[in-house]
Amino acid sequence: MSGRETIGVVLAGGGTGGHIHPNLAVANELARLRPGVCRFVFVVSDRGIDRRVLDGATIAGEPVRCEVSPAKPLALKPLTALRFALRWGGGVRVGRDAIRTLRAECDRVVMLATGGFVSAPAIMGARAEGVERVVVNLDAVPGKANRMAARFATETLSVGRELRPIVGDAWRTLLSASDARASFDLDPAMRTLLVTGGSQGARSVNRFMLAFWQKTEDREGWQVIPQTGEGEEAECAAAWSDLGVLAHVAPYIDGMERAFAAADAVVCRGGAGTIADLWASGRPALVLPYPYHRDRHQALNAEPLVAAGGAIVADDLINPARNAAAHGEVFGRLLDDDARGRMASAMAALGPADGATQLAERLLSD
């Protein structure tokens, strides 16, 4: 690509922060690699999390341009399937409109889809417009939307094979652990545990930690950052307060890189975004995959970390007492300074989480 040629990138993905953050990361990397050359339009869902992630976001100092797709998730229930079908055409049109907007401004247009239910109809729109269509599988096992989109893509790439994990530009300049803890009004010198279920939270993971802390004698010297999801924060905060544990409880954390920087160890789900953050931060973790996924893709997402010796995967048994009884000894490894240090060294050996750079360079090449 010549230095004078401009490229328009439509970034399709939404419904969870895990689909939008990678698109933001790639857009920022494109802008960094080729200043002033790229233009962007995001195609997202009408869910609140999409607005929350993108409101106030900028790329090279410019506000993010968004088009909201009417697309809805695909499911087997008759009413849900009907809603999916009725909204499909609108999702295709939004994808086409975004391409046409950029085509008026740029020499070349490409669509990047990172998953979620807005991706498949957007890719169909890109096919109708005759532009390049790149689908990225963030999970080890592609979801329904990506499997559908990949049938009409010009290229399909997968994290863990062609790409390393994709994290945002904020990971380039992480706060120190003490400064990050202070930003959460926690003790800068105290060991810190991050508990997160992703942008939507995970009740069973948070309740497992509370059940464990009630029965362990090793609670001294630790503070916690539980990210709960909407509606759970008040109950969770009261429970940690009753245990006498210093905690910063939040339904959603803007800038998760701060939370990972603050942490000595992490207990979490195994979504692609969380695994990428673990990789980038080098924090040892106990991963409890979402228990209702038949393909167990969250466990597969964590396999590179487990193979390296930096993470442990255990089944979420849902019931807090059962989790505490079954996994208390395993979790205890994260509390042990020597064991945790060995795990952290193993995580550091994984190398950089620079998938955003890899993908940006690929999109910029002819």
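The values are calculated or read from the model by the stated rules, or taken from the named source; none is laboratory data. Since the structure is predicted, the reported quantities are computational estimates derived from the model, not experimental observations. Cβ placement follows ideal geometry from the backbone for every residue including glycine, while neighbour counts extend to all protein chains displayed. Just so you know, the surface numbers come from the protein's heavy atoms only, side chains and all, with ligands and any DNA or RNA stripped out. Shrake-Rupley method; radii C 1.70, N 1.55, O 1.52, S 1.80 Å.
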query = Which percent of the accessible area of segment 109-173 is formed by carbon and sulfur heavy atoms (probe 1.4 angstrom)?
reply = 46
inquiry  = Just to confirm the number: angle between the C-alpha axis of helix 320-335 and the first principal axis of the chain, 0 to 90 degrees, nearest 10?
reply    = 90
query = Rounded if a/c is under 1.5, else prolate if a/b beats b/c, else oblate: with a ≥ b ≥ c from the C-alpha gyration tensor eigenvalues square-rooted, which is segment 211-355?
reply = rounded
message = Placing unit charges on C-beta atoms (Lys and Arg positive, Asp and Glu negative, everything else neutral), compute the dipole magnitude of the chain about its Cα centre in debye, rounded to 20.
response = 1460
Choice from G270, G351, G91 showing the highest fluctuation, given a GNM over the chain with Cα pairs closer than 10 Å = G351
query = Got the relative contact order for segment 97-138 handy, in percent, Cα pairs under 8 Å and 6 or more residues apart?
reply = 44
key: Accessible area per residue, Å², the chain with all protein chains present, probe 1.4 Å   = 43
remark   = P(r) over all Cα-Cα pairs of segment 203-282, 10 Å bins from 0 to the longest distance, whole percent per bin, short to long, reads 17, 52, 29, 2
note = Residue-normalised 222 nm signal for the chain, counting each DSSP H run of n ≥ 4 as -39,500 (n - 2.57), nearest 500 deg cm²/dmol, is -13500 deg cm²/dmol
